[in-house]
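The values are calculated or read from the model by the stated rules, or taken from the named source; none is laboratory data. Since this is a predicted model, take the numbers as computed values, not measurements. Because the Cβ atoms are built from the backbone with ideal geometry, glycine has one as well, and the counts that use them run over all protein chains shown.
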Amino acid sequence: MKTEDFVTKFKQSSKYKVFKGVLFKKIENENSAKLILETNLGKLDHDHLSKIFGLVDECYSSEACHVKPGPWFGRLLKPNARNIFETDCYHINKWFNILFNDHISLAERIDKLRTDPYRIKGLNVGFITLVLYLLDNSKHLIWLKDHHDGLRILDRELIQFNGKGEQYNVFNDYAKNFAKQYSFDHAELDYVFSGIKYVVRGNYY
């Protein structure tokens, strides 16, 4: 399917129209989560993280969901990232400090946070890029294998997902260009990329 045909079909679908109607709520929740992060960087605790998870994982509309209704990010936050609640706050804040250390390249930060001794069980590239997105979604987009595979359906120059930091930079550039070319808000892209396969299969309406 040509990208232009996909975009036309996607934007004309009833599911997308429902999603557009609740997009403001998604953006409000993400801005609230961003405020919690910004206000408490360096002193994050489990309560802060629980509030952030609750905000970004709301099920905004069952009629907009690609599959059965549930937490917006599914296994990204529940149950995977909830392992963070078994981690002491010192380690958590050290993890976040590395993520926001601009003296280290972004690709290196992503790879470093997925290996010992920095690794926190359950926090993979999806969670890492979600946090980056929350703090500045003009620069950073959410990267899951599902999103990568969806975008790759439309652009085969994007190589298969490998989860490495350098590949995130490539995906991020491709995704931002896609959003600009086809007039999607960055807050829409996690929904759009996860829905591409359903449009291509012909079972999206």
Pull out all pairs, ordered by first then second residue, where Cβ-Cβ is under 8 Å, the residues are six or more apart or on different chains, the first lies in the range 109-123 and is on the phi > 0 side of the Ramachandran plot and of a type outside the set (Ser, Thr, Tyr), and the second is surrounded by fewer than 17 Cβ atoms within 10 Å (Cβ to Cβ) and not in a loop (DSSP other than H, G, I, E, B). 122/82; 122/83
Answer residue from the range 152-173, given it is modelled with pLDDT under 95 and assigned to a helix (DSSP H, G or I) and is nearest to residue 7 (Cα to Cα) among those: 154
Looking for whichever is among the small types (Gly, Ala, Ser), exposed (fewer than 14 other Cβ atoms within 10 Å of the Cβ) and closer than 22 Å to residue 23 by Cβ here; the options are 183, 194. Which one fits? 183
Taking the range 154-173 only, how many residues are of a type in the set (S, T, N, Q) and touching a His at 6+ places or on another chain (Cβ under 7 Å)? 1
Of 25, 2, 15, the only residue that is closer than 23 Å to residue 179 by Cα and in contact (Cβ under 8 Å) with a residue 40 or more places away in the chain is 15
Any chance residue 104 is among the β-branched types (Val, Ile, Thr), over 29 Å from residue 198 (Cα atoms) and either surrounded by fewer than 18 Cβ atoms within 10 Å (Cβ to Cβ) or over 15 Å from the mean Cα position of the chain (by Cα) (or both): yes
List pairs: first in the range 125-144 and under 14 Å from residue 96 (Cβ atoms) and in contact (Cβ under 8 Å) with a residue 24 or more places away in the chain, second assigned to a helix (DSSP H, G or I) and among the basic types (Lys, Arg), Cβ under 7 Å, 6+ apart or cross-chain? 134/34; 135/34
Given the conditions (1) in contact (Cβ under 8 Å) with a residue 12 or more places away in the chain; (2) farther than 24 Å from residue 29 by Cβ; (3) part of a loop (DSSP other than H, G, I, E, B), report the number of the one that residue 199 does not fulfil. (3)
